[in-house]
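Enquirer: One structure coming up, written as structure tokens, with questions to follow.
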Amino acid sequence: MARDRAGPGLMIPVLPVAQIRAAIEAHDWALATDLLGEHQRALAAALAATDLTSTPHEPWLDLLLAQRALLGELRVARDRVGTALARLSQEHRGARAWLRELA
């Protein structure tokens, strides 16, 4: 996991935004979830090693907000695909029923 320096001695994991969005676009939910999970583990480790009493909180909060936004994008994309699949399945059942009526 790449790391970004955000001040003296401060190492904040870089959120792989481009890779996650590419996985979402490709409907590769497993990859998107794995990338987010890997980032979450790196973030937890970095936070555990950071003295938050003497560290600016803004970079961490910005990162958490960005991570939350990507999780939202993933949820919306998955829901959209799920809705489309349900609609397709319903239309397929309707077409089969229509064909049975014609037979």
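Enquirer: Give, rounded to the nearest 20 debye, the magnitude of the charge dipole that the chain has about its Cα centre when Lys and Arg contribute +1 at Cβ and Asp and Glu contribute -1 at Cβ.
Expert: 440
Enquirer: Okay, moving on. Determine the share of the chain's accessible area contributed by carbon and sulfur atoms, expressed in whole percent, with a 1.4 angstrom probe.
Expert: 59
Enquirer: Stretched out fully, how many nm does the piece from L52 to A97 gain, at 0.36 nm a residue minus the Cα gap?
Expert: Contour length minus the Cα-Cα distance gives 9.9 nm.
Enquirer: Under 1.5 on a/c is rounded, so check that first for the stretch 39-94, then, if it is not, pick prolate when a/b is larger than b/c and oblate when it is not; a ≥ b ≥ c are the square roots of the alpha carbon gyration tensor eigenvalues. It would help to have the intermediate numbers written out before the result.
Expert: Values: a/c = 8.77, a/b = 4.02, b/c = 2.18.
Cα axes put the stretch 39-94 in the prolate bin.
Enquirer: Would you mind working out the accessible area per residue for the stretch 6-103, using a 1.4 Å probe, and quoting it in Å²?
Expert: Roughly 68 Å² per residue, with all protein chains present.
Enquirer: To the nearest 500 deg cm²/dmol, what mean residue ellipticity at 222 nm is calculated for the chain from DSSP H runs of n ≥ 4 alone, each contributing -39,500 (n - 2.57), summed and divided by the residues?
Expert: Calculated from helices alone, the mean residue ellipticity at 222 nm is -25500 deg cm²/dmol.
Enquirer: For the residue pair L64 and A26, what label-to-label distance in nm results when each label sits 7 Å from Cα along the Cα-to-beta-carbon direction?
Expert: My value for the distance between the label points is 3.1 nm.
Enquirer: Moving to a separate point now. If I compute Cα extents along the principal axes in Å from the structure I just sent, which labelled value in [x] 76, 20, 18; [y] 143, 26, 9; [z] 43, 24, 23 lines up?
Expert: So the structure-derived entry is [x].
Enquirer: Whole-Hz ³J(HN,Hα) for each residue in the stretch 33-50, computed from phi via Karplus 6.51 cos²θ - 1.76 cosθ + 1.60 with θ = phi - 60°, x for glycine and proline: what do you get?
Expert: Here the 3J(HN,Hα) series is 5, 4, 4, 5, x, 4, 5, 4, 5, 5, 5, 4, 5, 5, 5, 5, 8, 10 Hz.
Enquirer: What percent do you get for the relative contact order of the chain when only Cα pairs under 8 Å and 6+ apart count?
Expert: 26
The values are calculated or read from the model by the stated rules, or taken from the named source; none is laboratory data. Given the structure is predicted, the values throughout are model-derived calculations rather than measurements. Note that each Cβ is placed from the backbone with ideal geometry, even for glycine, and that neighbours are counted across all protein chains shown. Just the protein is used for accessible areas: all its heavy atoms, side chains included, with ligands, DNA and RNA removed. Shrake-Rupley method; radii C 1.70, N 1.55, O 1.52, S 1.80 Å.
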